[in-house]
Structure formats: C-alpha cells, structure tokens
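Engineer: One structure, pasted below without further comment.
None of the figures in this text is laboratory data; all of them are computed from the coordinates on show. These figures come from a predicted structure and were not determined experimentally. Virtual Cβ from ideal backbone geometry, glycine too; neighbours counted across all protein chains shown.
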Amino acid sequence: MKVTSIRNFRDKATTYFKSNEPVLVTKYGKVTGLYLPLEHAESIPLEVKKELLEKFGEYLSRTLEARGVKEEEVIGDFEVFKKDRRRR
C-alpha cells in the first residue's frame, strides 16, 4: 500500500487510478482517505455498499446544511436539470 499526501494524490490521481495498489491519503500526517482500486465492483457485499451509501448521505446532508441549502432547492435544481437534459 502506498501512502501519499492529499496534494500529491490530487496531482498524480490518474497515475494512481491506473495502478492496482491501494493508496492511503494523508493531510498533515493524518489519514483523510483511502483509494482502493476495484477490479469487480459488483463483488462488493451488499452490506458494505449500503454502509458506504449511508456514510456518503450523512456527509452530503451535513455539507448542504452547513451551506444553508434546503432539500427543496436540491430537488428543484434536479428537476430543472432533467427538463434541460430531455430537450437536448
């Protein structure tokens, strides 16, 4: 497993994405993320997928709340996007 800074990961992301080796991403010496390449994403157990989705939903909810974005605004923006996409 490689260990790299978040800045280095950002700058060399395409190189890391082409590799089959996991990468531990750090910021100021603390772990901030993990890149885990998957050959067969469909082989991830359903419970793991559910947990990842739940964690992402919690993160997204906190981020939107911190920015003062309401659920109705997100839904409205999505509806506009769908209408625009259909016109193309």
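Engineer: On each of the three principal axes of the Cα atoms of the range 40-88, give max minus min coordinate, whole Å, ordered largest first.
Structural biologist: 36, 32, 12
Engineer: Here are a few candidate values for Cα extents along the principal axes in Å: (1) 43, 30, 26; (2) 34, 25, 20; (3) 43, 31, 31. Which one was actually calculated from the structure I just gave you?
Structural biologist: Looking at Cα extents along the principal axes in Å for this model, the match is (3).
Engineer: How far is helix 46-66 tilted, in degrees, relative to the longest principal axis of the Cα atoms in the chain, given as a value from 0 to 90 rounded to the nearest 10?
Structural biologist: 60
Engineer: At what distance in nm do the modelled label points of T26 and L64 sit from each other, each positioned 7 Å from its Cα along Cα→Cβ?
Structural biologist: 3.5
Engineer: Something else: If you take the beta carbon distance between T15 and K50 as r and set R0 to 25 Å, what does 1/(1 + (r/R0)^6) give as a FRET efficiency, to the nearest 0.05?
Structural biologist: Step by step, r from the Cβ atoms, then E = 0.20.
Engineer: Do any GluC sites (Glu not before Pro) in the range 36-84 lie in a DSSP loop with no more than 13 other beta carbon atoms within 10 Å, and if so, which?
Structural biologist: Passing both the DSSP loop test and the Cβ count: E39.
Engineer: Provide the per-residue ³J(HN,Hα) series for the range 4-14, in order, calculated from phi with Karplus coefficients 6.51, -1.76, 1.60 and θ = phi - 60°, each as a whole number of Hz, with x at glycine and proline positions.
Structural biologist: Working through the residues one at a time gives 8, 6, 4, 5, 5, 4, 4, 5, 10, 4, 4 Hz.
Engineer: Could you compute the net charge surrounding S5? Neighbours are other residues with a C-beta less than 10 Å from the C-beta of S5; K and R count +1, D and E count -1.
Structural biologist: Computed value for this residue: +2.
Engineer: Search the structure for amide H atoms under 5 Å from the amide H of T26, placed 1.01 Å from N in the peptide plane, and list their residues when 5 or more places away or on another chain.
Structural biologist: So T26 has HN proximity to T4, S5, I6, T32.
Engineer: If you don't mind, another one. If you line up the Cα atoms of the range 1-48 on their principal axes, what length do they span on each, largest first, in Å?
Structural biologist: Computed over the range 1-48, the largest-to-smallest principal extents equal 33, 22, 15 Å.
Engineer: Ok, one more. Under 21 Å between alpha carbons, and skipping anything fewer than 8 positions from K82 in its own chain: which lysines qualify?
Structural biologist: In chain and number order, the partners are K70.
Engineer: Say the dipole of the range 10-88 comes from +1 at the beta carbon of Lys and Arg and -1 at that of Asp and Glu; which of H40, F81, T26 then lies farthest toward its positive end?
Structural biologist: Result: F81.
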